[in-house]
Every structure is written in C-alpha cells, then in structure tokens.
1. For the subset of region 144-163 comprising residues that are surrounded by 13 or more Cβ atoms within 10 Å (Cβ to Cβ) and closer than 22 Å to residue 81 by Cβ, which member is modelled with the lowest pLDDT?
2. Inside region 56-74, can you point out the residues that are under 13 Å from the mean Cα position of the chain (by Cα) and crowded, with 18+ Cβ neighbours inside 10 Å?
3. Can you tell me which residue in region 68-83 is farthest from residue 11 (Cα to Cα), limited to those that are in contact with a strand residue (DSSP E or B) (Cβ under 7 Å, 6 or more places away or on another chain) and not in a loop (DSSP other than H, G, I, E, B)?
4. Please tell me if residue 184 is at pLDDT 90 or above and outside any helix (DSSP H, G or I).
5. Just wondering, is there one or more residues in region 23-30 that are surrounded by 12 or more Cβ atoms within 10 Å (Cβ to Cβ), free of Cβ contacts under 8 Å to residues at least 24 places away in the same chain and in contact with a helix residue (DSSP H, G or I) (Cβ under 7 Å, 6 or more places away or on another chain)?
6. Residues in region 164-200 that are in contact (Cβ under 8 Å) with a residue 40 or more places away in the chain and exposed (fewer than 14 other Cβ atoms within 10 Å of the Cβ): how many?
7. Specify which of the listed residues (53, 9, 42) is closer than 30 Å to residue 123 by Cβ, within 23 Å of the chain's Cα centre (by Cα), in contact (Cβ under 8 Å) with a residue 24 or more places away in the chain and surrounded by 18 or more Cβ atoms within 10 Å (Cβ to Cβ).
C-alpha cells in the first residue's frame, strides 16, 4: 500500500501574513477555506513539490514558529539563493556541514560556502517565514542508491527535465567517444540513463 506524504502543517500567528509570504515566493495557492471566524485553512505548494503546506486558524496547537528543519530540495543551490533573495525571503548564505553531507540542526556545524566537492546532498541554505518557522534548502543533483523507486521516474518541472536531458546528453557524448561511432538509438540510451540516474542505480557506460 502506497503512503504518500500529502501535507505538512506549519504553525503561524497571522494567517494573511503567512499567505502573503508563501505565495510571494511563488508557491501555488491551492485553498483558502474558512467555515467561520474560528476556523480557516490555507494550503500552498512549493513549485514542483508533490507535498503541500497548510496553516491557518485552529489548524494546529503547535506554537507559531516552532516548525524547524523543514527541507526543500533544489538542483542548483546558488540559483535558489538568488531567487529567494529577489523574492524577499532573506535566505542565509550557502553553507555546508562540518560533519559531512547530511545537515544537522546545530548552527555551529555550518561552514560557509557550498560543499567543496559539490557533492550531491552536500550544500545548503536556510530561511525563515515571518513567524520563524525554519526551512532548509538542500542541493541534490544525483540520488543515492535506493532513494527512488526504480520502477517510477518522474520530473516535477520542465527545468528538472531539461537538466536531466543535459546530463544524459553529456554522458551520451562520452559514450559515443568511447565507441567511436554515432549511436542511432540515442533516445533509448537517454531514457535508460535518466531512469537509472533518478533511481540511483548503476549508469550505462
């Protein structure tokens, strides 16, 4: 039985302020429903995300601002920083973790700048909403083995698909250089490469 994460609850003190903040980041507004003055729920979805965020009045008993370490995944951390800054989110500078590629909450572990090896999973930035709910952006360019279902390949946006095609094209160029001949079946090779890359399995040579 599939169990897909659908929504994450974020506790806020001012619903309209939170709505303006998140939609100002380009997050899709899915719903804004109020049954009376005591209940209101707003749902927004980050671009390309299969899961959404909800907040509102009488939605949660959590203290506003207490949600921390909420992770968003991007494939280009520097571009994400510039994008958030343009939209007024006041992101931190890009950093990596002194202990390795998996970030933990302590700010003392943050080392300025992206991961020196530019390892997938290795570079981060953070930002907060007006209530102080904390978000972490993590750069992932290649998934670790077993992190994706190899029978399912999905791309959440046109830029993600285009980036995967560029990586496949570069790898296919190396493949043709090794074989010394043009490959008339390059669409099949591209497809195989992209499926394997997303599933984290061994790439074609």
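1. 156
2. Within region 56-74, just 74 meets the criteria.
3. Per the criteria, the residue is 77.
4. yes
5. Scanning region 23-30, I find at least one residue that is surrounded by 12 or more Cβ atoms within 10 Å (Cβ to Cβ), free of Cβ contacts under 8 Å to residues at least 24 places away in the same chain and in contact with a helix residue (DSSP H, G or I) (Cβ under 7 Å, 6 or more places away or on another chain), so the answer is yes.
6. Residues in region 164-200 being in contact (Cβ under 8 Å) with a residue 40 or more places away in the chain and exposed (fewer than 14 other Cβ atoms within 10 Å of the Cβ): 0 in total.
7. None of the others qualify; the one that does is 53.
The values are calculated or read from the model by the stated rules, or taken from the named source; none is laboratory data. Since this is a predicted model, take the numbers as computed values, not measurements. Virtual Cβ from ideal backbone geometry, glycine too; neighbours counted across all protein chains shown.
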